[in-house]
């Protein structure tokens, strides 16, 4: 795939991911009559289901990272060329903000408005560290052994992580920045974003190191393995 | 497969899809004690689960479009013969109304009665455009790379789309027309249907153009690929 | 597989299916604080998840019918020997009652007690007919084209059918008889069971006829195809 | 895989499993406004989704037992060397407690605090016996016929078992011990743990005996089969 196609895929996929996360959060909060558990359950199921669709639909083009720490981890493993890291990360952030605006348009909200949702403190930073550790672990663990199941494993993990972390598991710096621009269910106060992002980087680094030791030898050269992923079907 | 079998499959599948959407909406609203979030969650899960079953059970015969914009997009890509477009679309609309009547029969409602549910305005039209863009994107993206996962990707996408759009994502002109004939949870006022359908056509056209650029070269000739889909199993 | 193993598998599987249906119904009703939508959602998700596990775990031995109308339909198609129909159906009924007793034991209820839950009338009979039509359609449609997905398609269908039918979709005469012996969430008044069973037989017959026309030519001889199902894995 | 890698994988996986179970229980109870059905639904969905991710991500390394009775059953079948049983079981217990502490850290609770949640009596012991019987049955049944689906079958089974047993299905001695150290939604009074563990051992033994009779002949030598599982993908 050409870089142009891959960049478009990363931007589009991250935009749709944010539209799902923010849009389903708005819908859930409006309908849930104040029962936050029902709102979060709908938000989590919508996000997991959306991830399955988005990763399956764009993974063969760009790898479907939609997440700067995933791109950094893949580059560190040698699966993404160094010169492509910045374009990937830039378009992920741009796409994330575009997705927030798209969701706001669907629900009659202003394009952007800063969140006032406080999310800070050691318990939430620890949560983001664990959440991102788990996400990178799932990606490396499954893509080195059976890449065809990675989309399902990632989506299932995120559904769990919405519930088992006190931060509801952002686990993604581009998502974190863009969610600072929505004062709705999924928002985070801009001042709290840096703490989340630092924790995410730490968790991703730990998982990358540990899982490259746990899964030392890909069954095939990395390039061939990636190529298989990109054109894989089940026949 | 003969055209007769394919037409029967499209009509039956669209009828069962509407029975699931409308029937589960009636059941959900009756049981939910006024909590619309719980009703929509049940409605979304039932629809997604039903889609998995219906696409797996009829996809090998007709492609399991159940949706005129899917048929138009497939025809534009050269995957459906031009002379089959009208029969497909006609039976989809007929099947959709039959499904609404079947659901009404299961819940003791009149065969048809016009909806009074207002669904209009730019936010909902934008929602329908985005929703249909995403649906066609999922179908083209997965069926050109790994057709065996398309049923799961489509169902997961629709579950997400019930929640991340303010219109709850009809994304289907036949469904839109038939849902105008039910004054229950899933209904839409007949006067509002044309706005939805225009938005759906626009979204489908945009996705068809973009995703044929993103996935330019099917790995095999289209006819062979379709044939593989129709008889695919996982061995 | 020997007939002894297959009979044990059918009995055990039907027992566990009833334990899931009845047990999760009791748990759901006790916890749901009177919100029947939440109770039915939990009941449906538990049943669908249980079906995935049970069909995957026992399908390679006995076909995992757990349902007399499935056995009758398979026998009519020539996939089950005529002399095995009665043993299959007998052990399904015995297993179903054992499963109800097992569930009652888990929740401190008497072994059996007749249901007082009224489920009757044309709307519910029509529901049972449609529900069983759909179940047999899913089984024939998927097992003739891609048998590896049948367990997932059947489970997904049942989740949808709990919601889109007014009867909550028993779709199984053995299940219907045994659920008459539990005066809990999942029960049915004994006097109402015959109406359900007649509707189930009619729906199953219609689906068997239609889907044997829709899928006329199995890709391989039936015996080989069944054998493939029984030892199938995804490699 | 070296024993070191397998031990790390078992410890890490069990820790993350407990973090999911306990963490999602805390989150669910805090948000559910006293509706225990919603809390248990979120807890069950999070646990099932987490299991899919964890088993897919670590199964190729250690088999992803995360459970002493699974290790015992595998050793009895000759799939795990006798000298590895104690290290597996030890690291599972250590990991389980570490996971509880990790979850408590995410929600600002003390590292450990004894549960006061009473879970005892014949109905709950019978529940644990049935629950563990079913879990071992699913593992043996699927891993001897189609090991690629085992992660999905196990996760689906546990979702069902949360609901169809009155004990909410611990089915795991390491999990039982560690959940005695959390006075939150998922806890169990320390004095009640032994009764659960005895019932789990009985259920596991019964399932191991029955399912080794039901599935007598693995299609390939066990070592080769395990090896296939460990490097399986779907191509």
Among A:147, A:60, A:122, whose mean-square fluctuation peaks in a Gaussian network model of chain A (Cα, cutoff 10 Å)? A:122
How crowded by other chains is B:139-150, given as the mean number of beta carbons from other chains within 10 Å of each beta carbon? 6
Tell me, C:189, C:146 in order of fewest to most beta-carbon neighbours within 10 Å? C:189, C:146
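Hey, got the average number of other protein chain Cβ atoms within 10 angstrom for residues in D:205-213? Provide the component values of the computation, followed by the final result.
Numbers: counts 0, 0, 0, 0, 0, 2, 4, 0, 3.
Per-residue shielding by partner chains comes out at 1.
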How much FRET efficiency would the formula 1/(1 + (r/R0)^6) give for residue B:210 and residue A:209, where r is the Cβ-Cβ distance and R0 is 45 Å, rounded to 0.05? 0.75
Computed over region B:1-104: relative contact order in percent, which uses C-alpha pairs under 8 Å that are six or more apart: 47 percent
For residue A:117 and residue B:33, what is the calculated FRET efficiency with R₀ set at 22 Å and r taken between the beta-carbons, to the nearest 0.05? 0.15
Among C:88, C:215, A:157, which comes first, then next, by fewest other beta-carbon atoms within 10 Å? C:215, C:88, A:157
Please determine, in degrees from 0 to 90 and to the nearest 10, the orientation of helix A:85-106 with respect to the longest principal axis defined by the Cα atoms of chain A, where the helix direction is its Cα long axis. 30 degrees
Whole-Å distance linking the alpha carbon centroid of region A:1-80 with that of region C:50-90 is 41 Å
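Can you give me the relative contact order of region D:3-231 as a percent, contacts being Cα pairs under 8 Å and 6 or more apart?
28 percent
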Helix B:3-31 against the longest principal axis of chain B: what's the angle in degrees, Cα atoms only, rounded to the nearest 10? 30 degrees
Of the residues D:207, D:199, D:160, which exhibits the maximal mean-square fluctuation in a Gaussian network model of chain D defined by a 10 Å Cα contact cut-off? D:160
Could you work out how far apart the two model spin labels at residue A:198 and residue D:76 are, taking each label as a point 7 Å from the Cα in the direction of the beta carbon, and quote it in nm? 5.2 nm
Cα gyration tensor category, rounded, prolate or oblate, for region C:3-231 with a/c compared to 1.5: prolate
What does the C-alpha gyration tensor say about the overall shape of the protein assembly as shown? Classify as rounded when a/c is under 1.5, otherwise prolate if a/b is larger than b/c, or oblate. rounded
Cut-off 10 angstrom, C-alpha nodes, Gaussian network model of chain D. Which of D:18, D:135, D:58 fluctuates the most? D:58
Just to confirm my numbers, what's the Cα centroid distance between region C:151-183 and region B:101-126 in Å? 26 Å
Calculate for chain D the 222 nm mean residue ellipticity that helices alone would give, adding -39,500 (n - 2.57) per DSSP H run of length 4 or more and normalising by residue count, nearest 500 deg cm²/dmol. -23500 deg cm²/dmol
Could you work out the mean count of beta carbons from other protein chains within 10 Å of each residue's beta carbon in D:103-113? 4
For residue B:189 and residue B:3 in one chain, what is 0.36 nm times their gap in residues minus the Cα-Cα distance, to one decimal in nm? 63.5 nm
Can you put C:106, D:1 in order of Cβ neighbours within 10 angstrom, beginning with the fewest? D:1, C:106
Overall form of region C:36-82 per C-alpha gyration tensor (a/c, 1.5; a/b vs b/c): oblate
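All of the numbers you see were taken from the coordinates with simple rules; none came from a lab. A quick note: this is a predicted structure, and the numbers were derived from the prediction, not measured. Backbone-built Cβ (ideal geometry, glycine too); neighbour counts: all protein chains shown.
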